Amino acid sequence: MKKVLKVVIIFITILGILNLAQYRTHAAEVENTNKNETQQEEIIHTESKETESNQNNKSETETTKSETKKDKISLNKTKKTLYVGEKYTLKIKGTNKKAKWWKSSNTKVAIVNSKGKVTAKKKGTAEIKVKVGDKKLKCTIKVKNLPSDNKSTKGVIYLTFDDGPSSTITPKVLDILKKEKVKATFFVLNYSKSNEKLIKRIVKEGHTIGIHGYSHEYSKIYKSKKAFLNNVYKLQDKIYKLTGVRTKFMRFPGGSSNTVSRHYSKGIMSVLTKEMLSRGFRYFDWNVSSGDAGGAKTSNDVYKNVTKNLSKRRGNMVLCHDFAGNTKTLNALSKIIKYAKKNGYKFKAIDKNTPMYAHGVNN
């Protein structure tokens, strides 16, 4: 009996030890689980703080950007030079807000309308101011008179060639100019793909390229202001895409004094001459004509027409043509240049300082 009792006691003891070990293992597992959950909560909490911080930073950045964007409201120009009669539209950048008002500090020099269009009235300086929201902006406008004959233009010859380019005459004209080291101006018409190289060559060799018109057909181009503007801008864009030069030098087909336009629109030249100046264009007539598109029958006629009408008391705007087949001017050109050099004349291409030498308007 004692032996049985002893065995039972031992069995109970062993069973107790096993239960204790199992309890401790379970307690350890529970503790680890709680520890893991606590760590996960800490991670989640940390991530939450980081997310919140990032959102705050992002919000602050966006606010800063927004404020910076507001601070970048400006005019497209802070300084601009215009000639008398020219118009220019100032534009507000960096906002969609409309201007509360536009003002000129000197309305005798320049005026401005409610859309920011400035009109140059008289030589001088004026500040154009605009209010956008709470911000005030300004642009200094300097108005100049159109260039006129002066000491620097007296005795200067401006060779000009209309109605090109042509594949037969223009390259040879350019060859002569290059050989004689003379710069000239070409008032071109619409040109073919094959003649693009001539337009590029004119620019590359330092000559001035100007607009005669996409078309020279009087009945189409002089029927309305809209038709004429389209005729000019269409060619201007084409030249720009090919050469990168956005020329604003032009010559009216027939000249600004032409009367043929009366057949298509009465008073159109009075409108167009003012309109082109207001758009920043400069148009050039001539005071020396070679007669190569009219009365001149030979190259000697062209030579005499030019050389007999040159003067050292003024600038000399010489009208010639480089249309196909015009060998009269081609054969006279070298002789004209040699005569001019021998007699102390200088040659220049038209630039921004060249007087317009405009005829009186007859329509």
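A few notes on this one:
- So SER194, is it of a type in the set (Ser, Thr, Tyr), in contact (Cβ under 8 Å) with a residue 12 or more places away in the chain and closer than 30 Å to GLY267 by Cα: no
- Residues satisfying the stated conditions in the range 201-226, i.e. more than 21 Å from THR273 (Cβ to Cβ) and in contact with a Ser or Thr (Cβ under 9 Å, 6 or more places away or on another chain): ARG201, ILE202, VAL203, LYS204, HIS207, ILE209
- Flag for GLY295 being exposed (fewer than 14 other Cβ atoms within 10 Å of the Cβ) and not in a helix (DSSP H, G or I): yes
- Only one entry in VAL271, VAL232 is of a type in the set (A, V, I, L, M), open to solvent by less than 30 Å² (accessible area, probe 1.4 Å) and within 24 Å of THR119 (Cβ to Cβ), namely VAL232.
- Sole exception among (1) assigned to a helix (DSSP H, G or I); (2) open to solvent by 60 Å² or more (accessible area, probe 1.4 Å) for SER219, by number: (2)
- Restricting ILE73, ILE111, ILE92 to residues that are farther than 25 Å from ASN353 by Cβ, open to solvent by 50 Å² or more (accessible area, probe 1.4 Å), under 24 Å from the mean Cα position of the chain (by Cα) and not polar (S, T, N, Q) narrows the list to ILE111.
- Residue count for the range 127-151 under the criterion of being surrounded by 13 or more Cβ atoms within 10 Å (Cβ to Cβ) and either of a type in the set (Asp, Glu) or touching a residue at least 60 places away in the same chain (Cβ under 8 Å) (or both): the result is 13.
- Of all residues in the range 183-204 being under 22 Å from the mean Cα position of the chain (by Cα) and polar (S, T, N, Q), the one that is most open to solvent (accessible area, probe 1.4 Å): ASN190
- Sub-9 Å Cβ pairs linking a first residue in the range 277-302 that is touching a residue at least 60 places away in the same chain (Cβ under 8 Å) and over 24 Å from VAL156 (Cβ atoms) to a second residue that is of a type outside the set (Val, Ile, Thr) and in a helix (DSSP H, G or I), at least 6 apart or interchain, are ARG279/LEU229, ordered by first then second residue.
- Looking only at residues in the range 267-292 that are β-branched (Val, Ile, Thr) and in a helix (DSSP H, G or I), the one that is nearest to TYR83 (Cα to Cα) is THR273.
- Some residue of the range 148-157 being at pLDDT 95 or above and in a strand (DSSP E or B): yes
- Within the range 274-292, being aliphatic (A, V, I, L, M) and open to solvent by less than 20 Å² (accessible area, probe 1.4 Å) holds for MET276, VAL288.
- The selection criterion, being small (Gly, Ala, Ser), at pLDDT below 95 and open to solvent by 50 Å² or more (accessible area, probe 1.4 Å), does not hold for SER105.
- Of the residues LYS304, LYS335, LYS346, the single one that is of a type outside the set (A, V, I, L, M, F, W, C), within 35 Å of the chain's Cα centre (by Cα) and open to solvent by 60 Å² or more (accessible area, probe 1.4 Å) is LYS346.
The values are calculated or read from the model by the stated rules, or taken from the named source; none is laboratory data. Owing to the predicted nature of the structure, the values given are computational and were not obtained by experimental measurement. We place every Cβ from the backbone using ideal geometry, glycine too, and count neighbours over all the protein chains shown. Note: areas computed on protein heavy atoms with side chains; ligands, DNA, RNA excluded. Shrake-Rupley method; radii C 1.70, N 1.55, O 1.52, S 1.80 Å.
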